[in-house]
1. Taking +1 at the Cβ of each Lys and Arg and -1 at the Cβ of each Asp and Glu, which of Ile515, Val211, Tyr559 sits farthest along the dipole of the chain towards its positive end, judged by Cα position relative to the Cα centre?
2. With label points built 7 Å along Cα→Cβ from the Cα atoms of Thr514 and Lys739, find their separation and express it in nm.
3. Scattering from the C-alpha atoms of the stretch 223-264 alone, worked out with Debye: what is log10 I(q)/I(0) at q = 0.16, 0.23, 0.30 1/Å?
4. Over all directions, what mean area does the Cα convex hull of the stretch 483-529 project, stated in square nanometres?
5. So in the chain, which Cys have no other cysteine's beta-carbon sitting under 4.7 angstrom from theirs?
6. Would you list, by chain and number, the lysines whose Cα falls below 18 Å from the Cα of Lys708, excluding same-chain residues fewer than 8 positions away?
7. Restrict the search to the stretch 636-693; then list the GluC sites (Glu not before Pro) that DSSP places in a loop and that have at most 15 other Cβ atoms within 10 Å of their Cβ.
8. Considering all alpha-carbon pairs of the chain, what whole percent are spaced by more than 38 angstrom?
Amino acid sequence: MPKKKINHSFIEQKEFRVFNPETIKQTVEIAVKPKPSIEELTTIEKTGKKPKKVKITKRTKSESKIKSGRGSYILIITEKPQAAAKIAAALSGGEDRRMPGGRGVYYYELERNNKKIVVACAVGHLFSVSQTKKTSGYPVFDIGWKPNFEVRKRDFTKNYYSAIQRLVKNASEIIVATDFDIEGEVIGYNIVRFIANREDARRMKFSSLTVDELQNSYDNSLPTIEWGQAIAGETRHFLDWLYGINLSRALMHAISSTGKFKIMSIGRVQGPALYLIVEKEKQIQAFKPTPYWQIFLLVNDGKNKLEVKYIKDITKKQELDKFKDLKNKKAVAETTKYKQTITPPAPFDLTTLQTEAYKFHSITPSNTLRVAQNLYLSGLISYPRTSSQKIPEAMQPKQILKQLSKSHSNLTKHATRNKPIEGSKSDPAHPAIIPTGIHQALSGDDEKVYNLIVKRFISCFCDNAELENKKVEVTINNLRFNARGMEILNAGWMNVYPAKMEEKEIKDMNGEVTIEKINIVEKQTQPPNRYSPASIIKELEKRNLGTKATRASIIETLYNRNYVKSKSIQATELGIRLIDSLEKHSPIIIDEKLTRNFEKDMESIRASKKDLNKKQEVVIKKAEEKLTKISSDFKKQEKEIGKELNDANQAIFEQEKQDNNLHIKCPQCEKGEITIKYTPRFKSYFLACTNYPNCKQTFPLPSQSLIKKTDKICEYCKWPLLLRIKQAKRPWIFCPNPKCESKKELGINGETKEN
Ligand SMILES: [Zn+2]
Ligand SMILES: [Zn+2]
């Protein structure tokens, strides 16, 4: 098994200075798992029993370096508190004891096969990558792991760190039971080496938090951690951190060379992702619509009438002449039919789940992942960060189907296959996203996403759908027109899973028909569509940029940095100018091929069994070379880049000022205009005069929400209506005018529901 060589400086160097604020603000593209809230991380669903007090074996100082084999229990370490509760309950048959581990942290004690087991938990990452020596220049390459609480003051993970630190001392053996993927492996690996000071640990591998699977994965735990995953994950952290800090510093140094200050950054995968969006925006801006024509005939066979369409679109106006004299002429119709079989869609991998949840329920990909993660932790579905479309026998799909028949009999009654169908994509660590069969009442997005997963799973057991397609073709003077119809003969899986298939009935037509009417419709070619939150994720996957677990958060970051906006993703002026500047001065940053090669490198580390550290060094070295090049590009042209970025920031600032102005004359000074302002101190928006603070006119706005101007006007007072966006609430449109007539009629704050 590999021994680490990279400078994990935190072990060697116990003393660190406080991070300077500049570097703390650097956004590093590490959110391989979207940053969960503290609440999400630490809430445990009721375990059904109260913690009992049990005396913990007293530790003495001499025991602190206890070696394997000398301890009194097996210590299992999970990724999150919820998982610890589930694992403890599963391994003990519900006889576990919840123990206080200090400062709101709990762990569990239990016995299995006459062995004492302690289950403790991390709370996501307990360690962060950071710079070993404090500097402010760039490029910087000296990095290592440090406990979170040394990097960020008052970090809540410290209590979990301390609890594990106490518990490892008397552990005879450690079993890592974090999520089985590269992030989970890094979380476990860091605890094993840095807190427990051990070289390796056993590993539980599971794909869902069900009793059977957890017991099985404990009884058959792997002898070592998954080294490929651990080193690949660590490499990703190093790479993203190196990119994050160096690119941010390069951008900020450029800006400050012009005497201004503005935080800007771009990540390793965000560069190429933003480039794609900007390219699309430029295509749209450069697009010139051209006219084209569609030609429809209304034909009559003596019994029925039917509208048929010319098989091509006409782009040259003079070609329309061919159709001029067709009215009242005879044409020949012919009907052909063919059957079509559509197999059920493959089981869900993450990207497909995200795409479908967006299509059917408008749930964004990042929210879908968040919801799926909760469903997994509640034991309702298998692990969601998967690219697999397989349902292995070991998951006992038939048994799951049987269990689902208790709660979803109206769906399971359509299941006819003995084995579920599978798709082509696979994943080395996990099966497709499927329900576990356990049922629990849900609501909101949880319910929507869960039901989608259940339906998709059940539909894999259903018959193919059988369709009959019909085409009526009408020919005259070698010009071909047609109309299409479709009938569903056997809905099969479509009884279970929503399919956007519309039946369309048309009558058969054969032989001579009369042309009763010609209809020429002029149309304009349309610009390409912008990406939606779902289609951009698909596009990134197609181009092998980012990973299934990171794509949603990469896009979210682009929004947060003001590089993109709107639901149909539009590059902002800032985004466009940033890409222009980078393309001109340091195109490596947005080089899609380089990013993709890094993904391949990390995938090959993950899949390999030996020379892991050497492979890691090669990748890091390559990144260092690229970053050295980028740094020298930037330093050479610092002033010019700085000016471009400043102009871009200024442009977006002006734009925002314009966007926020309601263009309503201030009632107090009668000179300024009412505009939306933000107070960082109270983290909320309010309305104020543009002459604020000289003019004191202000109006309150709903607190703790994002407020945006809409293009709608209040029909009562003609003020622009505002949009309130608040987490976990539906968006609301309201009139901000406190004196508006609508308030009296509508009652509650004059708010109207957005349609
Ligand atoms: Zn005023
Ligand atoms: Zn109004």
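The values are calculated or read from the model by the stated rules, or taken from the named source; none is laboratory data. This one's a predicted model, so the numbers in the text were calculated from it and none came from an experiment. Methodologically, a virtual Cβ is constructed for each residue, glycine included, from the backbone with ideal geometry; neighbour enumeration extends over all protein chains shown. We work out accessible area using only protein heavy atoms, side chains counted, and drop any ligands, DNA or RNA first. Shrake-Rupley method; radii C 1.70, N 1.55, O 1.52, S 1.80 Å.
1. Of the options given, the answer is Val211.
2. So the two model labels end up 7.0 nm from each other.
3. One equal scatterer on each Cα of the stretch 223-264 leads to -0.54, -0.73, -0.92.
4. Numbers: hull surface 26.8 nm².
Average of the hull's projected areas for the stretch 483-529 equals 6.7 nm².
5. Cys121, Cys460, Cys462
6. Of all the lysines, those that pass the test against Lys708 - Cα under 18 Å, at least 8 places apart if same chain - are Lys565, Lys567, Lys657, Lys677, Lys683, Lys718, Lys726, Lys729, Lys753.
7. Glu670
8. For the chain, the fraction of Cα-Cα distances above 38 Å is 52 percent.
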